[in-house]
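Note sheet for the following structure.
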Amino acid sequence: MRATGCVFCESDGGQVLWRDERLRVIAPDEKDHPGFLRVVWHEHVAEMTSLPASDREHFMRVVFATEAAMRELLNPHKVNLASLGNVVPHLHWHVIPRFTEDPHFPNSVWGQRLREGPVSVPQDYRAQITARLRTLLS
């Protein structure tokens, strides 16, 4: 099912780094947080408990693989995982590397900005994540 007006139904929502028949891992354009990734369910579903158990398990396997790849490649101070959906009620998980020097730390990435400039990630970060996800999820 697709929903009119839903950014994740009408577009990929960012650069697709990995996908299968049920979901995709995307890199949105988050200039302050260039390592930020999302795992997005293909169908328009708002809540995890709306999915059958096997789909929930698959979803979390991909979220955890994304976090593991991110930790391996970026060595962040912390990784934030969140499934909010208040603004876009289409099931997706945020996987956000946090660094003590990032613009918002220790606040939420949507909270008050405390310093200037994003934390840089390797120029080939997206390609590295894609390769790592292929290995972890094959």
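What follows draws every value from the coordinates through simple rules; no lab data is involved. The structure displayed is predicted, hence computed values, not measured ones. Here the Cβ positions follow ideal geometry from the backbone for every residue, glycine too, while neighbour counts run over all protein chains shown.
Figures for the structure shown
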{"item": "Enumeration of residues in the stretch 47-63 that are loosely packed, with under 11 Cβ neighbours inside 10 Å and in contact (Cβ under 8 Å) with a residue 40 or more places away in the chain", "result": "47"}
{"item": "Test: residue in the stretch 115-130 that is touching a Gly at 6+ places or on another chain (Cβ under 6 Å), surrounded by 11 or more Cβ atoms within 10 Å (Cβ to Cβ) and more than 17 Å from residue 29 (Cβ to Cβ)", "result": "no"}
{"item": "Whichever residue in the stretch 99-130 is of a type in the set (Ser, Thr, Tyr) and in a loop (DSSP other than H, G, I, E, B) and, among such residues, is farthest from residue 15 (Cα to Cα)", "result": "100"}
{"item": "Given (1) in contact with a helix residue (DSSP H, G or I) (Cβ under 9 Å, 6 or more places away or on another chain); (2) surrounded by fewer than 16 Cβ atoms within 10 Å (Cβ to Cβ); (3) not β-branched (Val, Ile, Thr), index of the condition residue 112 fails", "result": "(1)"}
{"item": "Total residues in the stretch 107-124, condition farther than 18 Å from residue 71 by Cα and not charged (D, E, K, R)", "result": "7"}
{"item": "Selection count where residues are among the hydrophobic types (A, V, I, L, M, F, W, C) and touching a helix residue (DSSP H, G or I) at 6+ places or on another chain (Cβ under 6 Å), scope the stretch 39-87", "result": "7"}
{"item": "Members of the stretch 116-138 found to be without any contact (Cβ under 8 Å) to a residue 12 or more places away in the chain and among the acidic types (Asp, Glu), listed by number", "result": "124"}
{"item": "When residues of the stretch 14-38 are limited to those that are part of a loop (DSSP other than H, G, I, E, B) and touching a residue at least 40 places away in the same chain (Cβ under 8 Å), the one surrounded by the most Cβ atoms within 10 Å (Cβ to Cβ)", "result": "35"}
{"item": "The one condition in (1) of a type in the set (A, V, I, L, M, F, W, C); (2) under 19 Å from residue 13 (Cβ atoms); (3) in contact with a Lys or Arg (Cβ under 7 Å, 6 or more places away or on another chain) that residue 51 fails to fulfil", "result": "(3)"}
{"item": "Filtered residue count, the stretch 1-58, keeping only those that are in contact with a Gly (Cβ under 7 Å, 6 or more places away or on another chain) and among the charged types (D, E, K, R)", "result": "2"}
{"item": "Meets criteria (within 23 Å of residue 128 (Cα to Cα) and small (Gly, Ala, Ser)) for residue 13", "result": "yes"}
